[in-house]
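K.L.:
Okay, here's the structure, questions in a sec.
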Amino acid sequence: MIAPFILLVDDEVTFVKTMAKRMTERNIETIMAFSAEEGLEKLKTNQNLDVIVLDVKMPGMDGLEMLKKIKTGFFRTEVILLTGHATIESGIEGMKLGAYDFLTKPCDIEEIVSKVEEATKKKRAHDEKIKDAESKKILLKYEL
C-alpha cells in the first residue's frame, strides 16, 4: 500500500508536531494545521488527502463543525476524531455526521496508526469503485 497521506488538526501545537514526527517515522505522509480554519485551507490545496485526524475541542470553529464542512465538500476524505474523556458524546455525534471513528485522548500512537491505515484502505477502495464506475460509464457511452 502506498503510504497514507494525512492532515493532523489540533490547537495543541506540541501535540501536533510530536504526532506528525511519529507518523512520519511510520511512513505516513503528514501535514499539520493548528485550527479548523487552517485545516480547511490545507484541505483545499491537498485534495488527495486520505485521512484527517481532527481534535473536537478547539477555539473558534470546533472539530464537529469542521467535520460537517469536510463531509459537504470533501466527502471521500475519511475523518478520525480525537476527543477528551469528557467529550465522548461529541465523538458519537461525529460518527453520526460521517466520521470514520473516534479515539479518546490520550491515545496510543499504534492505535492511531492502525485507525489511519484502516481509514486509508476504506477511502482508497471507495475511490477505486468510483473510478471503475466512471470508466464503465465512458465505455458504455462509446458502445452505443
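The values are calculated or read from the model by the stated rules, or taken from the named source; none is laboratory data. Every value quoted in this text rests on a predicted model; they were computed, and no experiment measured them. Virtual Cβ from ideal backbone geometry, glycine too; neighbours counted across all protein chains shown.
K.L.:
Quickly run through segment 76-91 and pick out the residues that are under 11 Å from residue 56 (Cβ atoms) and either over 16 Å from the mean Cα position of the chain (by Cα) or hydroxyl-bearing (Ser, Thr, Tyr) (or both).
P.N.:
The answer is 83, 84, 86, 87, 88, 89, 90.
K.L.:
Consider segment 70-84. How many of its residues are within 23 Å of residue 22 (Cα to Cα) and without any contact (Cβ under 8 Å) to a residue 60 or more places away in the chain? Quick ask: steps written out before the conclusion?
P.N.:
Filtering segment 70-84 for residues within 23 Å of residue 22 (Cα to Cα) gives 77-84.
With the extra rule that they be without any contact (Cβ under 8 Å) to a residue 60 or more places away in the chain, the set shrinks to 77-81, 83-84.
Final tally of qualifying residues: 7.
K.L.:
Name the single residue, out of those in segment 35-92 being in contact with a Ser or Thr (Cβ under 9 Å, 6 or more places away or on another chain), charged (D, E, K, R) and part of a helix (DSSP H, G or I), that is surrounded by the most Cβ atoms within 10 Å (Cβ to Cβ).
P.N.:
Checked segment 35-92; the qualifying residue surrounded by the most Cβ atoms within 10 Å (Cβ to Cβ) is 71.
K.L.:
I've got another one for you. Scan (1) of a type in the set (A, V, I, L, M, F, W, C); (2) buried (at least 21 other Cβ atoms within 10 Å of the Cβ); (3) in contact (Cβ under 8 Å) with a residue 40 or more places away in the chain for the single condition residue 5 breaks and write down its number.
P.N.:
All conditions pass for residue 5, except number (2).
K.L.:
Within segment 107-117, is there a residue that is surrounded by 15 or more Cβ atoms within 10 Å (Cβ to Cβ), in contact with a Ser or Thr (Cβ under 9 Å, 6 or more places away or on another chain) and either assigned to a helix (DSSP H, G or I) or of a type in the set (D, E, K, R) (or both)?
P.N.:
Among the residues of segment 107-117, not one is surrounded by 15 or more Cβ atoms within 10 Å (Cβ to Cβ), in contact with a Ser or Thr (Cβ under 9 Å, 6 or more places away or on another chain) and either assigned to a helix (DSSP H, G or I) or of a type in the set (D, E, K, R) (or both), which makes the answer no.
K.L.:
Residue pairs, Cβ under 8 Å, 6 or more apart or interchain, first in segment 115-144 and within 30 Å of residue 28 (Cα to Cα), second surrounded by 10 or more Cβ atoms within 10 Å (Cβ to Cβ) and polar (S, T, N, Q). List them.
P.N.:
123/77
K.L.:
Which ones in segment 1-13 are more than 22 Å from residue 90 (Cβ to Cβ) and modelled with pLDDT of 95 or more? First the steps, then the outcome.
P.N.:
Residues of segment 1-13 more than 22 Å from residue 90 (Cβ to Cβ): 1-5.
Listed by number, the residues that qualify are 4, 5.
K.L.:
Somewhere in segment 3-10, is a residue more than 11 Å from the chain's Cα centre (by Cα), over 26 Å from residue 129 (Cβ atoms) and in a loop (DSSP other than H, G, I, E, B)? Before you say what the answer is, go through the steps one by one.
P.N.:
Restricting attention to segment 3-10, the residues satisfying the condition of being more than 11 Å from the chain's Cα centre (by Cα) are 3, 10.
Restricting the remaining residues to those that are over 26 Å from residue 129 (Cβ atoms) gives 10.
Restricting the remaining residues to those that are in a loop (DSSP other than H, G, I, E, B) gives 10.
Yes - at least one qualifying residue is present in segment 3-10.
K.L.:
Condition first: of a type outside the set (Asp, Glu) and either in contact with a strand residue (DSSP E or B) (Cβ under 7 Å, 6 or more places away or on another chain) or surrounded by 14 or more Cβ atoms within 10 Å (Cβ to Cβ) (or both). Now tell me which residues in segment 18-34 satisfy that.
P.N.:
If the condition is that a residue be of a type outside the set (Asp, Glu) and either in contact with a strand residue (DSSP E or B) (Cβ under 7 Å, 6 or more places away or on another chain) or surrounded by 14 or more Cβ atoms within 10 Å (Cβ to Cβ) (or both), then 19, 20, 22, 23, 24, 26, 28, 30, 31, 32, 33, 34 are the ones that fit.
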